[in-house]
Amino acid sequence: MREEPVIYINGKPFVLREVERPYKNMLEYTGIDRERVERMEARLKEDILREAKRYEGAIMVIHETDDGQIFDAWEHVNSDSVRTPLEVFKCLEDDGFPIKYARVPITDGKAPKSSDFDTVAKNIASASEHTAFVFNCQMGRGRTTTGTVIACLVKLRIDNGRPIKVLLDEMNHEHPDGSSSSGEEIRSDATRLTSSTVKVRTKNEHGRAFGIDDILLLWKITRLFDNGVECREALDAIIDRCSALQNIRQAVLQYRKVFNQQHVEPRVRRVALNRGAEYLERYFCLIAFAAYLGSEAFDGFCGQGECLMTFEDWLHQRPEILAMKSSIRLRPGRFFTVPEELRASLESQHGDVVMEAIVKARNGSVLGKGSILKMYFFPGQRTSSHIQIRGAPHVFKVDGYPVYSMATPTIIGAKEMLAYLGAKVNAGFSGQKVVVTDLREEAVVYINGTPFVLRELNKPVETLKHVGITGPVVEHMEARLKEDILSEVRQSGGQMLLHREEYNPSSNQSSVVGYWENIFADDVKTPAEVYATLKDEGYNIVYKRIPLTREREALASDVDEIQSCKDDSSGCYLYVSHTGFGGVAYGMAIICCRLDAEVNYGTSNVTQSLADAHLHSPPEESMSLQTSEEEARRMGDYRDILSLTRVLIHGPKSKADVDIIIER
């Protein structure tokens with residue numbers, strides 16, 4: 001699994017290094033594939049033999065003593081004593097050893113690429129039943145441990161089929177605690193510091209140890225899959241069994257511990273943060289891979305079905321996973337800290353021991369351990385000052401367009417809003433058709449007519465958005481969430497523990513409190529079921545789920561999906577989001593642009609007069625605008641935007657039209 005070029009001289013392996021940095025891997029090879037690294041090793045062999053000719057058959061090499069000192073020495077070589085790794089294992093195979101050599105270059109300290117997972121999985125799946133699998137890297141710890149975990153997961157899937165799970169007797173072994181090795185492959189101060197501080201358990205202000213499940217990202221990806229909980233349990237058991245030199249999961253917490261020690265010098269903390277993020281990414285990818293193995297996508301590779309989909313293709317069909325993975329590199333620090341606003345309220349949230357025990361005992365595929373259902377409405381929620389609809393907070397209409405938005409409503413609020421828009425079918429009146437577009441990325445469920453959202457008990461005000469998730473996937477999550485709720489209601493005799501936000505005037509703070517509610521099976525509905533029921537009740541609507549968020553840049557596919565909602569028979573368009581403002585404006589602007597184009601592309605009767613006023617302002621006004629950099633920014637005249645308008649046909653006119661729609 002080594003990425004760096006290696007050569008064998010007189011039976012001993014040597015690696016290529018820079019003379020100024022003899023202990024460091026050469027970063028120039030990051031991301032190299034097998035063919036390229038093996039060609040480099042072949043050329044390195046040629047270079048060695050060529051240089052040896054100039055020095056009477058000898059080549060200078062560098063050795064390292066046990067205490068880390070380096071010294072040079074001459075090695076006498078010939079064409080038979082210099083071999084690449086590929087040649088070494090080819091010779092062993094020719095000598096009769098039943099081996100198969102594979103090279104899967106992986107960057108030191110990084111997670112394997114999805115194609116690397118596929119390569120390892122295919123090699124294991126194609127091997128005979130009693131084949132032994134040997135992994136090695138530079139130090140035999142980091143990448144090697146990752147390889148053994150992947151191999152064990154694949155073998156578990158092949159031998160036992162779906163679902164992936166580890167038998168109880170297989171899990172009866174000692175779980176490594178915080179004193180396990182961090183398993184570094186690169187010498188660094190962070191490594192030494194980790195080794196010397198791992199015996200100190202990480203605590204928050206109230207004495208509870210910070211655990212791996214306190215990292216919200218891992219909680220989210222586990223709940224994303226139908227089999228997420230079971231697959232992650234199997235993965236954790238395998239990681240613990242492969243932890244003789246390194247525990248991939250514990251390494252995340254060990255580096256977090258170093259990062260949060262304020263007395264440590266900034267450079268060491270920065271290194272710890274980066275390495276912790278690398279191990280978090282590695283663990284994240286292994287969770288996704290375990291879920292892939294636990295699905296039907298892998299059936300064809302192990303002769304258990306017809307579906308034959310690679311892990312790489314499986315991931316590309318799930319952009320929400322790729323988006324979560326990218327977020328690790330963008331802001332790694334947020335995964336290793338508890339926000340200040342949450343620390344103060346942790347104690348009050350754990351006041352009721354019985355309720356806390358119930359939450360921790362949850363074991364649903366979505367409503368799992370530590371998760372709660374929090375009422376969508378909260379103190380201080382913004383409401384509309386123009387259109388007052390009972391049960392539908394913050395209703396807004398775009399001036400001049402049949403386009404509306406609202407925050408998540410109750411079922412009664414949704415009915416009131418649709419009646420306000422004229423969608424109700426009455427005697428002699430067919431009702432105005434309304435296209436309802438739900439832009440929420442969070443899993444939502446209605447209980448007794450009120451919307452509830454999935455949250456984590458320890459972080460009840462943090463949204464559990466899955467950036468990049470598709471409509472069908474989030475709706476499937478909601479259906480599974482409903483099943484979890486009904487299962488819990490049956491077990492508790494018709495009751496359910498729910499949570500809501502309450503405001504305390506004396507302390508001027510909000511807190512999340514638990515309460516019990518009697519629930520019947522018919523009282524639990526997903527948003528899709530709610531709007532399907534409304535349609536059956538005579539509301540002329542079309543419901544679409546197009547998750548959209550401000551947390552990532554808009555994609556062309558987002559624009560296509562929203563503007564394709566344009567319906568010639570529709571009277572108006574209604575957009576639903578979490579709060580009714582913010583990211584919802586993007587979807588509203590897209591449909592307004594489409595409506596303009598339908599009327600008269602390029603000369604909209606709605607925006608034309610204002611656009612002309614904008615484009616044909618008096619010369620002195622234009623000059624004054626140009627002299628004010630602040631005013632230019634306010635008008636959206638950023639350098640990149642101006643560059644875009646120059647390369648587009650009718651660019652300035654298009655920008656003016658869009659600006660007017662945004663203002664409205």
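Let's see how each residue does on (1) at pLDDT below 70; (2) surrounded by 18 or more Cβ atoms within 10 Å (Cβ to Cβ); (3) closer than 28 Å to Val436 by Cα; (4) under 38 Å from the mean Cα position of the chain (by Cα):
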residue: Ser617; (1), (2), (3), (4): yes, no, no, no
residue: Asp637; (1), (2), (3), (4): no, no, no, yes
residue: Leu648; (1), (2), (3), (4): no, no, no, yes
residue: Asp657; (1), (2), (3), (4): no, yes, yes, yes
**Message:** Looking at Met417, Met375, Met355, can you tell me which residue is modelled with pLDDT of 80 or more and under 33 Å from the mean Cα position of the chain (by Cα)?
**Reply:** Met375
**Request:** Identify, by number, the condition in (1) touching a residue at least 40 places away in the same chain (Cβ under 8 Å); (2) in contact with a strand residue (DSSP E or B) (Cβ under 9 Å, 6 or more places away or on another chain) that Gly109 doesn't meet.
**Result:** (2)
**Which numbered condition Glu462 misses (of (1) under 28 Å from Leu555 (Cβ atoms); (2) crowded, with 20+ Cβ neighbours inside 10 Å)** = (2)
**Prompt:** Quick check: anything in the stretch 185-202 part of a loop (DSSP other than H, G, I, E, B), hydrophobic (A, V, I, L, M, F, W, C) and modelled with pLDDT of 50 or more?
**Reply:** no
**Request:** State whether the residues of the stretch 423-445 include one that is surrounded by 22 or more Cβ atoms within 10 Å (Cβ to Cβ), of a type in the set (A, V, I, L, M) and more than 37 Å from the chain's Cα centre (by Cα).
**Result:** yes
**Message:** Which count do you get for residues in the stretch 635-651 that are outside any loop (DSSP other than H, G, I, E, B) and either aromatic (Phe, Trp, Tyr) or closer than 16 Å to Ala597 by Cα (or both)?
**Reply:** 1
**Request:** Take the stretch 6-36 and flag every residue that is part of a loop (DSSP other than H, G, I, E, B) and under 22 Å from Thr148 (Cα atoms).
**Result:** Thr30, Gly31, Ile32, Asp33
**Item:** the stretch 448-464, residues that are out of contact with any Phe, Trp or Tyr (no Cβ under 6 Å at 6 or more places or on another chain), in a strand (DSSP E or B) and farther than 17 Å from Gly368 by Cβ
**Value:** Thr450
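Working carefully through the options Glu75, Glu46, Glu87, find the one that is modelled with pLDDT of 90 or more, surrounded by 12 or more Cβ atoms within 10 Å (Cβ to Cβ) and part of a helix (DSSP H, G or I).
Working: Glu75 fails: part of a helix (DSSP H, G or I); Glu46 fails: surrounded by 12 or more Cβ atoms within 10 Å (Cβ to Cβ).
None of the other options fit; the residue is Glu87.
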**Request:** Determine whether the stretch 483-493 contains at least one residue that is assigned to a loop (DSSP other than H, G, I, E, B) and modelled with pLDDT under 85.
**Result:** yes
**Asked** If you scan the stretch 530-551, which residues turn out to be buried (at least 16 other Cβ atoms within 10 Å of the Cβ), within 27 Å of the chain's Cα centre (by Cα) and either modelled with pLDDT under 90 or of a type in the set (A, V, I, L, M, F, W, C) (or both)?
**Response** Ile546, Pro547, Leu548, Thr549
**Asked** Got at least one residue in the stretch 554-566 being at pLDDT below 80, among the charged types (D, E, K, R), surrounded by 11 or more Cβ atoms within 10 Å (Cβ to Cβ) and in a helix (DSSP H, G or I)?
**Response** yes
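Within the stretch 97-125, restricting attention to residues that are among the hydroxyl-bearing types (Ser, Thr, Tyr) and modelled with pLDDT of 90 or more, which residue is farthest from Val37 (Cα to Cα)?
As a first pass, look at the stretch 97-125 and keep what is among the hydroxyl-bearing types (Ser, Thr, Tyr): 101, 107, 114-115, 119.
Next, only the ones that are modelled with pLDDT of 90 or more stay: 101, 114-115, 119.
Working: Tyr101: 15, Ser114: 19, Ser115: 16, Thr119: 16 Å.
Taking the candidates together, the pick is Ser114.
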**Asked** Which of the residues spanning the stretch 400-447 are of a type outside the set (Gly, Ala, Ser), closer than 15 Å to His578 by Cβ and in a loop (DSSP other than H, G, I, E, B)?
**Response** Thr408, Pro409, Thr410, Leu439, Arg440, Glu441, Glu442
**Asked** Applying the selection to the stretch 139-169, what residues are hydrophobic (A, V, I, L, M, F, W, C), surrounded by fewer than 22 Cβ atoms within 10 Å (Cβ to Cβ) and in a loop (DSSP other than H, G, I, E, B)?
**Response** Met139, Val166, Leu167
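Inspect the stretch 57-67 for any residue being among the small types (Gly, Ala, Ser), touching a strand residue (DSSP E or B) at 6+ places or on another chain (Cβ under 7 Å) and either surrounded by fewer than 17 Cβ atoms within 10 Å (Cβ to Cβ) or part of a loop (DSSP other than H, G, I, E, B) (or both) and give the result as yes or no. Even if it seems obvious, please write down each step before you answer.
Step one: filter the stretch 57-67 for residues among the small types (Gly, Ala, Ser), giving 57-58.
Keeping just the survivors that are touching a strand residue (DSSP E or B) at 6+ places or on another chain (Cβ under 7 Å) gives 57-58.
So of that shortlist, the ones also either surrounded by fewer than 17 Cβ atoms within 10 Å (Cβ to Cβ) or part of a loop (DSSP other than H, G, I, E, B) (or both) come out as 57-58.
Yes: one or more hits.
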**Request:** State the number of residues belonging to the stretch 396-418 that are farther than 18 Å from Cys565 by Cα, touching a residue at least 60 places away in the same chain (Cβ under 8 Å) and of a type in the set (A, V, I, L, M, F, W, C).
**Result:** 5
**Complete:** Selection from the stretch 49-87 of residues in contact (Cβ under 8 Å) with a residue 60 or more places away in the chain, within 25 Å of Lys24 (Cβ to Cβ) and hydrophobic (A, V, I, L, M, F, W, C) yields Val82
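The values are calculated or read from the model by the stated rules, or taken from the named source; none is laboratory data. In this text the structure is predicted, and so the values were computed from the model without any measurement. So basically every Cβ, Gly included, is an ideal-geometry build from the backbone, and we count neighbours across all protein chains shown.
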